[in-house]
Each structure stands twice: as structure tokens, then as C-alpha cells.
Amino acid sequence: MIQPDLSKIGIMYESGLKKENRIILHIDLDCFFAAVEARDNPKYKGKPLIVGADPKGGNGRGVVSTCSYEARKFGIHSAMPISQAYELCPDGIFIHPHFKKYSETSDKVFTILQGYSPIFQAASIDEAYIELTNICKDFSEAEKIAESIRKKVKEELHITCSVGCGPTKSIAKIASDHNKPEGITVVEPDSIELFLKNMKITRIPGIGKKSKLYYYQKGIRKIGDFYKLGKEKIEKLFGRSGEWIWNVISGIDNRAVIEIHDRKSISKETTFSRDIGDFKTVIAKIKDLNEHIHDKIMGKGIRYRTISLKIRFKGYTTYTRAKTLNSPMIDRNKAFSIIMELIDEFLEEKRKIRLIGIRFSNFDKDNKTRQMTLFDFTEHN
Ligand code: TTP
Ligand code: MG
């Protein structure tokens, strides 16, 4: 089995960092799409409600977007084929999603959150981080804020959320998922190990259904097994993924809470688990990186003027190439063709490739006025 790829998470950390001494909240809405539907249609309340594709009497294609907690009791979950959901609960209420409503509700939740801290980051349509480090003197003050957020979201928007509080983004995120729905979970730096040790390893961001099997093979099932192995063995056995895992469970994660439009540049790079000799694989990876970044920045009012490519060969020789456009744009297809122009001169290279990365920078005027808070953000995996 190959080494798992933790590329789904935005990792930005450096090894050897100290434990974080911050206070971060992660807020995640409970069964979000289903909650909005039940709020707007009281007849759905307390029923197994499935939001997603049309089940067409069991012959439908497509998947479940989400479902109510009542539907989850039948074993239904997000991303399950809708035909299977229908088989599990034929009497459930099946409805199509209404994205406009969800995005309006999401905006309102985010406005509430920004009333508690200016350091805010939307992580997806239904989850966000806020940093309370210089706002609360300790975790018990932060817990009061978490409680106030929970109350306000419920009273004003008639949906519920769960809140996790911890010294890092990863601990706060694991905590928000710990006691759903309407749970508030506070994990102070000294209780991280106690909190995590009996949990399944899939609670660590980046370890999913497939990659967990890799760790199972080595006899690791609970997070406690990672603690028993210790830093050195984990890193020896699992390389860069091991480093990430050790850092998460040790409360080391220096990723900042920051909105994408506050950044000076956004980039993403990948170190291949094996050096790659074939450009097709490299180009497929570039396509992935380009899609990932555009998915993240679409709709955020960002336009970039400069596109850069970074390529590192075996032996660590690294080259960067960039192109600056006459006017700012956001266009994933054009961006991809520009990156292809930039990589062209390397296509005849015989050396194997270790790392590939792309960067978008030189954002348009509106963003430049926020220079004071700007910084470069790179995701590694
Ligand atoms: P989640 O926060 O993962 O799920 P949830 O809010 O429905 O449930 P939970 O209480 O466990 O947090 O995702 C938020 C929304 O994103 C979800 O309501 C629907 C949508 N979504 C999909 O459309 N497909 C998916 O596979 C997932 C995971 C979510
Ligand atoms: Mg949610």
C-alpha cells in the first residue's frame, strides 16, 4: 500500500515549532443544508430529511449532500449514493438542495462571527475559525464566547452550530466535531492528549477512510497508538505525513486564521512521495493544484496579475518562472495554459522531479489597500 497523501488539508507548518499558545474557535453548523430546509419548512422538523439528488424510486443517480440527524440513524450520510439512501429509508423526505438559501444563511452566520473577532476565516460554506488570542484572557472566557455564539446563531437564524475551542486550528476543528449537535468542546493545551488518545485516527485532519487502512496495517487504530510510538518513530515510519500527525496531536500547528483576500499571494505545492520522471504525472498534478486554488478563490473578489511556477529536481535544484499579465484576471483555464507555457522549457529535462508548485500573486488594487495585513500563504503537501 502506498504512503497516504494528506493533500486534502491545507498544511502550512514548519518542523520544530513550539506548542501554540493561542485561543482559536472552530464553528461548524449542524447538518447545515438539512437544518436550513427544516427551518423554512416546519413539516420537515424531526423527520428523516435527505438533501441531494432525486432518488427516483431507488433508481436515481447522484449522491446525498447531507441529511438530518434522524436520517443518520438509518445509516445515511453525505456523499452516499442516493439509491442506497433510498434503500435504507424509503419513507424519508428527499429534497433537492437550494444553494442560494444556504449561501445567504452562511453569510449571516459569518457576519455574526466577525462581531466577536476581526481575525476570521471562512473554511467552507458552514465552518469558520475565529482567533480569540488577544481577546480572551483564558479558555474559560473563550467558552463564554462560544456559548454566546451558539445562542445568537440559534436565536437569530434558527439553526444550530457546534463549537470547538483549542490552541490550534486542528485541535479546534477536532473539538467542534466532538459533541454534535449544539456541542461546545474546549480543549486546553494540557489536555490535548487526554482528549485525543481514545479517538479513532480518522479524527486527525487528512486521515480518511482510505488512508486509515495504511495505519491499520501497522497496528495503529487509535490516536493513543501514535502517542505510544513517539515523534521519532512516527516520522521515520510515515515521513512528512508522520510529521503532520505528530504536530497535530502535540498541539503544534502554526497555521494562521486568515481570510484568503487578506493574503499577498496564494500558492500550493506538492512534494512527490517518489521523485517523478514522467511529465504527464507532473502536469496532472499541476492541474489539480490549479483547480484547488481556483476553487478556493472563486467568488472572493480576488484577481491576480502574476502566475508563477516552481519546480524542484532531484538533488534540490529549484527553478521559478513567472508571468505577469497586463491586467488582473481570475480564469482557471487561462491560468493553466500560462503555467504550461512556463513549464515548456523543462519538458526535455532528464532529471526527476521532486516538487512542483504554483503561485498567484500581485492581486488587484482593492486588495493592495490592505497591505498591512498581507502575507504569503503556501499550502504544502
Ligand atoms: P458538513 O459540515 O460536513 O456536514 P453537515 O453540516 O451537513 O453535518 P454536521 O452536523 O456533521 O456538520 O458539510 C456542510 C454542508 O456541505 C452540508 O450540509 C452539505 C454540504 N456537503 C455536501 O454537499 N456534500 C458532502 O459530501 C459534504 C460532506 C457536505
Ligand atoms: Mg456542518
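The values are calculated or read from the model by the stated rules, or taken from the named source; none is laboratory data. Predicted model, so just to flag it, every value in this text is computed and none were measured. Note that we place each Cβ from the backbone using ideal geometry, even for glycine, and neighbour counts take in every protein chain shown. In case anyone asks, the SASA skips ligands and DNA or RNA and just uses the protein heavy atoms, side chains included. Shrake-Rupley method; radii C 1.70, N 1.55, O 1.52, S 1.80 Å.
Scanning the range 337-363 for residues that are of a type in the set (Ser, Thr, Tyr) and open to solvent by less than 50 Å² (accessible area, probe 1.4 Å) yields a single hit, 361. Looking only at the range 284-294, count every residue that is in contact with a helix residue (DSSP H, G or I) (Cβ under 9 Å, 6 or more places away or on another chain) and surrounded by fewer than 16 Cβ atoms within 10 Å (Cβ to Cβ) and tell me the total. Within the range 284-294, residues that are in contact with a helix residue (DSSP H, G or I) (Cβ under 9 Å, 6 or more places away or on another chain) and surrounded by fewer than 16 Cβ atoms within 10 Å (Cβ to Cβ) number 2. Picking from residues in the range 302-336 that are farther than 18 Å from residue 270 by Cβ and open to solvent by less than 60 Å² (accessible area, probe 1.4 Å), the one that is modelled with the lowest pLDDT is 302. The residue of the range 175-210 that is farthest from residue 221 (Cα to Cα), among those that are within 16 Å of ligand 2 (Cβ to nearest atom) and in contact (Cβ under 8 Å) with a residue 60 or more places away in the chain, is 182. Filtering 161, 165 for residues that are within 22 Å of residue 31 (Cα to Cα), open to solvent by less than 60 Å² (accessible area, probe 1.4 Å) and more than 16 Å from ligand 1 (Cβ to nearest atom) leaves a single hit, 165. Remark: residue 219 matches the filter, which requires a residue to be surrounded by fewer than 17 Cβ atoms within 10 Å (Cβ to Cβ), out of contact with any strand residue (DSSP E or B) (no Cβ under 7 Å at 6 or more places or on another chain), without any contact (Cβ under 8 Å) to a residue 60 or more places away in the chain and not charged (D, E, K, R). Has the range 248-265 got any residue that is touching a helix residue (DSSP H, G or I) at 6+ places or on another chain (Cβ under 6 Å), within 30 Å of residue 224 (Cβ to Cβ) and not in a loop (DSSP other than H, G, I, E, B)? Within the range 248-265, one or more residues are touching a helix residue (DSSP H, G or I) at 6+ places or on another chain (Cβ under 6 Å), within 30 Å of residue 224 (Cβ to Cβ) and not in a loop (DSSP other than H, G, I, E, B). Evaluated against (1) open to solvent by 40 Å² or more (accessible area, probe 1.4 Å); (2) within 16 Å of ligand 2 (Cβ to nearest atom); (3) modelled with pLDDT of 95 or more, residue 73 falls short on exactly one condition, (2). For the range 204-219, does any single residue satisfy the condition of being in contact with a Cys (Cβ under 9 Å, 6 or more places away or on another chain) and assigned to a loop (DSSP other than H, G, I, E, B)? Scanning the range 204-219 turns up no residue that is in contact with a Cys (Cβ under 9 Å, 6 or more places away or on another chain) and assigned to a loop (DSSP other than H, G, I, E, B). Scanning the range 270-283 for residues that are of a type outside the set (A, V, I, L, M) and either modelled with pLDDT of 90 or more or open to solvent by less than 20 Å² (accessible area, probe 1.4 Å) (or both) yields a count of 7. Highlighted here are the helices (runs of 4 or more DSSP H) found entirely within the range 61-132 that include at least 2 residues which are of a type in the set (D, E, K, R) and away from ligand 1 (no atom under 14 Å from the Cβ): 99-114.
Scan the range 266-279 for residues that are in a strand (DSSP E or B) and in contact with a helix residue (DSSP H, G or I) (Cβ under 9 Å, 6 or more places away or on another chain) and the total you get is 9.
Condition first: assigned to a helix (DSSP H, G or I) and either open to solvent by 50 Å² or more (accessible area, probe 1.4 Å) or of a type in the set (A, V, I, L, M) (or both). Now tell me which residues in the range 133-145 satisfy that. Correct list: 140, 141, 142, 143, 144, 145. The set of residues in the range 234-250 being open to solvent by 20 Å² or more (accessible area, probe 1.4 Å) and either modelled with pLDDT of 95 or more or hydroxyl-bearing (Ser, Thr, Tyr) (or both) consists of 246 alone.
Residue count for the range 104-123, restricted to those that are of a type in the set (Ser, Thr, Tyr) and either loosely packed, with under 12 Cβ neighbours inside 10 Å or free of Cβ contacts under 8 Å to residues at least 12 places away in the same chain (or both): 1.
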